[in-house]
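Scroll down for the structure; my scribbles are underneath it.
What follows is calculated from the coordinates using simple rules that are stated; it is not laboratory data. In this text, all values refer to a predicted model and were calculated from it rather than measured experimentally. Cβ atoms come from the backbone with ideal geometry, glycine included; neighbour counts cover every protein chain shown.
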Amino acid sequence: MKDGRTVVVRRATEDDADALMRNINEVGAEEEWILTERITNSVKQEREWIRGFDDENSVLYVAEVGGRVVGQVDVRIAAFRKARHVANLGIAIIRAYRGIGIGRILMERALAWMKMRSVEKAILEVFSTNTRAIALYEKMGFATEAVRKRHYKIRGQYVDDVHMAKWL
Ligand SMILES: CC(C)(COP(=O)(O)OP(=O)(O)OC[C@H]1O[C@@H](n2cnc3c(N)ncnc32)[C@H](O)[C@@H]1OP(=O)(O)O)[C@@H](O)C(=O)NCCC(=O)NCCS
């Protein structure tokens, strides 16, 4: 990473359930970045969720620093046949590990997986206020396709829902 430490990116296993649950709840509690605010506190349910990523239609990667899971990216190819060329991407890194290059590394891994699975179009949604995320996506070649105006309200402020895409 930019600070000289090493980040390991690997597919999530069920043993990551506890850490992933905690991380998403932590990022969710910040309210500003992702739609999810709180996920299950059931490790069993989280394990099931992880098991659902089959490496064919979907994949979940984690970023690990010093043995700690600090970030994740998930990719899902659209279920409908008419949209099978499209895959949706979601990414989250816990606060203390942002801004040191993990986002770019996870995005590169996710995009490489999509290419391997012959996905043609990567898509994602981001809050218009999330300038860091938008900067990263643009650097990775994503462009804005559509904006749903004032689609969310975060702490009383309207926020646009930005739809971005990258053709692979
Ligand atoms: C958004 C997120 C995934 C980005 O990952 P990150 O590891 O913090 O970002 P990186 O350190 O890889 O930086 C990505 C690039 O954007 C640049 N960048 C970062 N913040 C920026 C900003 N505010 N303006 C412009 N560029 C910025 C970096 O310089 C870097 O470019 P480089 O690789 O050419 O040096 C991460 O911050 C995160 O998980 N945030 C909270 C959850 C979230 O917002 N998820 C996305 C929801 S759509």
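Its residue count N sets the reference 2.2 N^0.38 Å, and the alpha-carbon radius of gyration of the stretch 63-142 equals 1.14 times that reference. The alpha carbons of the chain occupy a box of 39, 39, 35 Å along the principal axes, longest dimension given first. Helical runs assigned H by DSSP (4 residues or longer) give the chain a calculated mean residue ellipticity at 222 nm of -8500 deg cm²/dmol, each run adding -39500 (n - 2.57) before division by the residue total. Of the residues Ala143, Leu35, Thr131, the one whose Cα sits farthest toward the positive end of the charge dipole of the stretch 7-167, with +1 on the Cβ of Lys and Arg and -1 on the Cβ of Asp and Glu, is Ala143.
Calculate the FRET efficiency for Glu125 and Thr40 from the Cβ-Cβ distance with a Förster distance of 25 Å, rounded to the nearest 0.05.
On the way: r = 22 Å, r/R0 = 0.88.
Taking R0 as 25 Å, the efficiency between Glu125 and Thr40 is 0.70.
Close amide H pairs (under 5 Å, H built 1.01 Å from N) link Asp160 with Ser128, Thr129, Arg150, His151, residues at least 5 positions away or on another chain. If you take the Cα centroid of the stretch 1-49 and the Cα centroid of the stretch 141-167, the two points sit 23 Å apart. Working note: Karplus 6.51/-1.76/1.60 with θ = phi - 60° gives the stretch 63-69 the couplings 10, 10, 10, x, x, 10, 6 Hz, where Gly and Pro are set to x. Normalised Debye scattering of the stretch 122-162 at q = 0.15, 0.19, 0.21 Å⁻¹ gives log10 I(q)/I(0) of -0.35, -0.53, -0.63, counting only Cα atoms as equal scatterers and leaving out solvent.
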